[in-house]
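Peer 1: Have a look at this one.
Readers should treat all values here as calculations from the given coordinates under stated rules, not as data from a laboratory. Just so it is clear, the model here is predicted, and its values are computed rather than measured. No Cβ is skipped: glycine too gets one built from the backbone with ideal geometry, and neighbour counts run over all protein chains shown.
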Amino acid sequence: MERTNARTTNSARGIVLVLCAGILWGTTGTAQSFSPAGLSPYWVGALRLSIAAAFFAAYAAMGPGRITASLAGIDWRRAILAGACMAGYNLAFFAGVKATGVAIGTALALGSGPIWAGLLQIPGGGAPSRGWWAGTLLAVGGGILLVLGRGGALQADPAGVALCLAAGFAYALYAILNKHMVHRAEPAIVTLAVFSVAAAIALPAAGVWAGPLDITGRGWAIVAFLGIAATGVAYLLFSSGLRGITAASGVSLALMEPVTAFLLAIVVVGEHPGPAAYAGLAALLGGLALVIRSEVAVDQADSRRLRRRSCSCR
């Protein structure tokens, strides 16, 4: 009984942690709207990865044990691939948004991520339930309607669309790899390894694509917030949450990000979205509720199987 109660607690905790991560991610767009016009988005992405890596190093240093010893126990093949995925996600997303516009780019990247995550789990025998698919598709559709309903330039550049879909794929693969690693090592150590690799890839790429870094004091303040709060704390919460829920549910619940961005755009930026955006918000929240219900149902089914197995052993 204690074991099944622990599973249910871990599941609920995982759901809450990932939703909190989505809320922090949702502050990214509003924060970037205050950044200097001349600051390249490629440098924003690379710098926030680097600052996040420094945050994880500082956080891990406060824990028990030596960081070097903890890093030695990491599955570095998965960590390098996950870091490449994280760097690829940032670079492909910014490049895709630049080509397609913010509305379509964001909708494609965020919307495709959960679908990729569900498809990627099928070969390993961990195919999500019908309830998960129903909730995810409803949430994705609502998210697309919410983003497009906020207005903005719409352009369907084929290369940009491909880049945004690639960003969604990279993020989904990162989540699945991360799920495996956080069950064998502390989330702070895993994120330190992954984001160090990501920063090592993204910084040179930003230099090649955007030229020398030209940043003001206000720019540093923005990327510091993005690196520590919207990336460091957010991904630490996300990685910790994956210990209690599936990777596919984690990616789906991260759609709390556009909900937060939508509310901040109204309150802080002063946007006035149309009815379609509000309809999308309702559909997205309804979809997230279905995903949570599906995750809890799967967890309860696993708990019943454990109870039956425990009783048969006696």
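Peer 1: Compute the Cα gyration tensor for region 46-135, then decide on rounded, prolate or oblate, letting a ≥ b ≥ c be the square roots of its eigenvalues: rounded whenever a/c is under 1.5, prolate when a/b is larger than b/c in the other cases, and oblate in all that remain.
Peer 2: Oblate is the answer for region 46-135, as a/c is 1.5 or above yet b/c matches or exceeds a/b.
Peer 1: Mind giving me the FRET efficiency for Trp220 and Leu285? R0 is 25 Å, r the Cβ-Cβ distance, nearest 0.05 is fine. Don't jump to the answer; show the numbers that get you there.
Peer 2: Working: r = 35 Å, r/R0 = 1.42.
Approximately 0.10, to the nearest 0.05.
Peer 1: To the nearest 20 debye, what charge dipole does the chain have about its Cα centre, counting +1 at the Cβ of each Lys and Arg and -1 at the Cβ of each Asp and Glu?
Peer 2: Around 1220 debye, computed over the chain.
Peer 1: Can you give me the relative contact order of the chain as a percent, contacts being Cα pairs under 8 Å and 6 or more apart? Write out the running numbers ahead of the final one.
Peer 2: Details: 519 pairs, mean separation 126.1, N = 314.
Relative contact order comes out at 40 percent.
Peer 1: Starting from the Cα gyration tensor of region 118-193, take the square roots of the eigenvalues, sort them a ≥ b ≥ c, and report rounded, prolate or oblate (rounded when a/c is under 1.5, otherwise prolate if a/b is larger than b/c, else oblate).
Peer 2: Note, shape of region 118-193 comes out prolate.
Peer 1: Something else: If I compute P(r) over Cα pairs in 20 Å bins from 0, in percent from the structure I just sent, which labelled value in (i) 33, 58, 9, 0; (ii) 33, 53, 12, 2, 0; (iii) 35, 60, 4 lines up?
Peer 2: This structure yields the entry labelled (i).
Peer 1: With the cut-off at 1.5 for a/c, could you classify region 149-288 from its C-alpha gyration tensor as rounded, prolate or oblate?
Peer 2: Values: a/c = 1.58, a/b = 1.14, b/c = 1.38.
Oblate shape, in that a/c is at least 1.5 and b/c is the bigger or equal ratio.
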